[in-house]
Structures are given as structure tokens and as C-alpha cells.
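Undergrad: Sending over a structure as C-alpha cells; questions will come in a sec.
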Amino acid sequence: MARVFNFSAGPAMLPEEVLQQAREEMLDWHASGMCVAEMSHRGKEFVSIAEQAEADLRELLAVPDGYKVLFLQGGASSQFAMVPMNLLKGGTTADYINTGSWSKKAIAEAKRFCDLKVAASTEDTRFTRAPTQGELALNANAAYVHYTPNETIQGVEFPYVPETGDKPLAADMSSCILSRPIDISRYGVIYAGAQKNVGPAGLTIVILREDLIGQPIAGTPAMFDYKIHADAGSMYNTPPTYAWYLAGLVFQWIKRLGGLDAMAAINERKAQALYAAIDSSGLYTNPVEPACRSWMNVPFTLADPALDEIFLAEAKGAGLVTLKGHRSVGGMRASIYNAMPEEGVRALIGFMQEFEHRHG
Ligand SMILES: *Cc1c(COP(=O)(O)O)cnc(C)c1O
């Protein structure tokens, strides 16, 4: 068996230990005689899996009292609608910070529900930085403020948490949740599609301050109402049970590593090594302001784009796959989420240096 180092932006690598454990438990989970995918979501076996996963996630993120943790479906893209549908609470406007492709999608969706204001945009500098706190033009009538702490496509990460006074802060953490410790109490709602840093596609994590629940806009479908999911313990309908279980195994894997402080130290080392290799080379360039460079998604271009296809083919031959950059940015992108081992980043750096030596 030859596993590759997969730099995909998502669905992305899962920790090998987690896949091994899932394999061992595939046919018979804990002497139940069943695969987790075959269990009733209301049976005691699955309920114990679900509760353990929530408890582990709460422990990892130190979620304070007064927050619900939901395990939903529909991806971050459904949250682009659920956030305005539930957080406007009779208001007619919200503030959105525009830092890249995912912010733009969130903005386009929220415009269906309110007359939103863009509090800051870095589009004029091609999304190569996050705005500073001083640049945020927050509007007194905004029902909430939305931002994207890590832009997966541009590789831009906020080096701070925006200060929004009494306005709830909504954050799309799809590509950075669990990459480092965060102070949950700064946020009204955090959401993340699982397929980057949590588990398989099909599961969406939502962490939500309880006082924001319960006033959806008129006509909100049941599946888009946070209260319905919160009151039902994320079992209003059949949840994505197998994805929830695998996410739970990932949470236990992070706990075994030492929790989010340990995870953050590893992620910082991986990112710094890769950016240092890019910055010290004559062939590779990353355009993002150093203070705003993502720990998770590292886009880079080659000085001669004619080398792109050769780079990708040779990398694949070396077991380093899915490095092609997003079509809107071009070049390459190495996504180095939690599950990418340091060894994978070292292998990529070694390959890049050797490639430059031959072609640079
Ligand atoms: C991948 C991604 C999304 C889209 O997630 P889906 O689960 O496919 O809807 C949204 N926001 C960010 C920051 C992402 O990285």
C-alpha cells in the first residue's frame, strides 16, 4: 500500500491513525455487530458516539457554557444562508468583511436576506492581506458582523479577531477550525464544513451562542432554523452519522497529540518551513503579506508558468498530489491542514528545492 501526501484543499487528508481505527471498527463497532453507518441515530450506540464527539470538541475548543454545538449537513454554503436567516432577528442590515473568494460567496448569499454593508474589502490589492481593525467601517445598525478568518483559496488568514463591540461576530472557519486554540467567547457563531480540518464531507459544525437562537426570519424552513436543530440535539432529521463518528475519531486523535496548543505548534512549524523555502527561492513566490499568511493553505506561483505542468507531474511521481492552485489564482496551492504530517511538508520542500535546482 502506497499512501501519498495529498495537498488537496478539501476534501483533504485524514490522519492515518484515524483511518486505521475506522478500518478496524468497520464491520463490528465495539461488539455491536454493526458498522457505525448501519446504526440507528437514536440507538444507544450511536448516541454514545455522538455525545462523546461533542464532549471532545467542547473540550478541545474550551467551549464556554451558553453555547450550542451542532452537527449539521449542507456545508458552509448552507451556513451562508442560515447565518442571516437566524441572526438578523428583525434587523435589515449586517456587516461583511470581504477578504477573498469565500467571503464573496457569503456576501452574495446574505444579500438575498438583507441590505448588507461591506465593512472592508481587500479586493483592490487582489486579496493578499486582511484589513486592519482600523480599516473596518462598522455600521451601527448591523445585526452582526461576518468574516472569513482563513481564506482557503487566497491563503490569507486574519492575524487578529475583529473587535465588534456588542455586535455578534460570525466566522466561517471551514479551513482553520481546530488548527490552533481560539477564544470562543469572542464569537456569536462559528461554522465549518468538516472536509478540510475535521473529517469527511457531509458534516457541518456550528458553534452558536444560545441567545442568538430562536428568532428566524419569517418563512425559514425547519432545516434552516438553528433552534429546531439545537432543541433536537442535531437529530431533528437523520444526521450524517458516519461523518460524525469519523470527526469524533479525529477529535480523539488531536487530544492524544496534546490538544490545540500542540496542534498549533506543529502547524506553525509546517507553515514557517514552507514559507521560508518559498521566500528563499528564486523560482517560487507567495504574494500574501507575511503577517496574514495562512497556516493551512499556501498558494505559490512558479516564475515561469510554463513549468507548472512539469512541476505537477513530477510532484505526483514523488507521491505529492493535488498541488494545482485554484483556477482563480493559478500556480500551486499546498493545503497543509492538521492531518498533513510534518514529514509531508518536508517531502514537498525537498522536492521543490530539487525541482528548482534542475529547472530554475
Ligand atoms: C470549502 C469552504 C467553503 C465551502 O464549504 P462547503 O462545505 O463545500 O459548502 C466555505 N468557506 C470556506 C472558508 C471554505 O474553505
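Undergrad: Less than 14 Å Cβ to Cβ from Glu16, Lys/Arg counted +1 and Asp/Glu -1: what total charge do the surrounding residues give?
TA: It works out to a net charge of -1.
Undergrad: Still on this structure, please answer the following. Counting other Cβ atoms within 10 Å, which trypsin sites (Lys or Arg not before Pro) in region 237-341 have at most 13 and lie in a DSSP loop?
TA: Those satisfying the criteria are Arg327.
Undergrad: What accessible area per residue, rounded to a whole number of Å², is obtained for region 17-256 using a probe radius of 1.4 Å?
TA: Computed with neighbouring chains in place, this is 40 Å² per residue.
Undergrad: Using every pair of alpha-carbon atoms in region 244-307, split the distances into 10 Å bins beginning at 0 and state the percent of pairs per bin, rounded to integers.
TA: 19, 36, 25, 17, 4
Undergrad: From the C-alpha gyration tensor of region 10-58, pull out the three semi-axes of the equivalent ellipsoid (sqrt of 5λ each), sorted largest to smallest, in whole Å.
TA: For region 10-58, the semi-axes come out at 19, 16, 10 Å.
Undergrad: A further question follows. How big is the Rg/Rh ratio for region 178-217, C-alpha atoms only, Rh by Kirkwood, two decimals?
TA: Rg divided by Rh gives 1.03.
Undergrad: Please identify every one of the trypsin sites (Lys or Arg not before Pro) in region 116-217 that sits in a loop by DSSP and has no more than 13 other beta carbons within 10 Å of its own beta carbon.
TA: Counting only loop positions with at most 13 other Cβ atoms within 10 Å, the trypsin sites (Lys or Arg not before Pro) in region 116-217 are Arg126.
Undergrad: First obtain the Kirkwood hydrodynamic radius of region 258-359 from its Cα pairs, then insert it into the Stokes-Einstein equation at 10 °C and 1.306 mPa s, and state the resulting D in µm² per second as a whole number.
TA: D = 114 µm²/s.
Undergrad: For the chain, what percent of Cα pairs sit more than 35 Å apart?
TA: I get 25 percent for the Cα pairs in the chain exceeding 35 Å.
Undergrad: Under a plain spin-label model, where a point goes 7 Å from the Cα along Cα-to-Cβ, how far apart in nm are Ala108 and Met34?
TA: Each label point is offset 7 Å from its Cα along the Cβ direction, giving 4.1 nm.
Undergrad: Find the centroid of the Cα atoms in region 264-316 and in region 193-207, then give the distance between the two in whole Å.
TA: 25 Å
Undergrad: Just the number, please: carbon plus sulfur as a percent of the accessible area of the chain, 1.4 Å probe, no ligands or DNA/RNA counted.
TA: 52 percent
Undergrad: For the chain, what is the relative contact order in percent, using Cα pairs closer than 8 Å and at least 6 residues apart in sequence?
TA: With pairs under 8 Å counted, the relative contact order is 23 percent.
Undergrad: Debye calculation, C-alpha points only, no solvent: report log10 I(q)/I(0) for region 115-247 at q = 0.11, 0.15, 0.16, 0.17 Å⁻¹, in the same order as the q values.
TA: -0.46, -0.86, -0.96, -1.07
Undergrad: With the cut-off at 18 Å, report for region 1-97 the share of all Cα pairs above it, as a whole percent.
TA: 70 percent
Undergrad: Are any of the pairs Lys105/Lys167; Lys105/Lys196; Lys89/Lys196; Lys104/Lys324; Lys68/Lys111 more than 24 Å apart by Cα-Cα distance, and if so, which?
TA: Lys89/Lys196; Lys68/Lys111
The values are calculated or read from the model by the stated rules, or taken from the named source; none is laboratory data. What you see is a predicted model, and the numbers here were worked out from it, not measured in a lab. Positions of Cβ are generated from backbone atoms using ideal geometry, with glycine treated the same way; all protein chains shown enter the neighbour counts. With ligands, DNA and RNA removed, areas are computed over all heavy atoms of the protein, side chains included. Shrake-Rupley method; radii C 1.70, N 1.55, O 1.52, S 1.80 Å.
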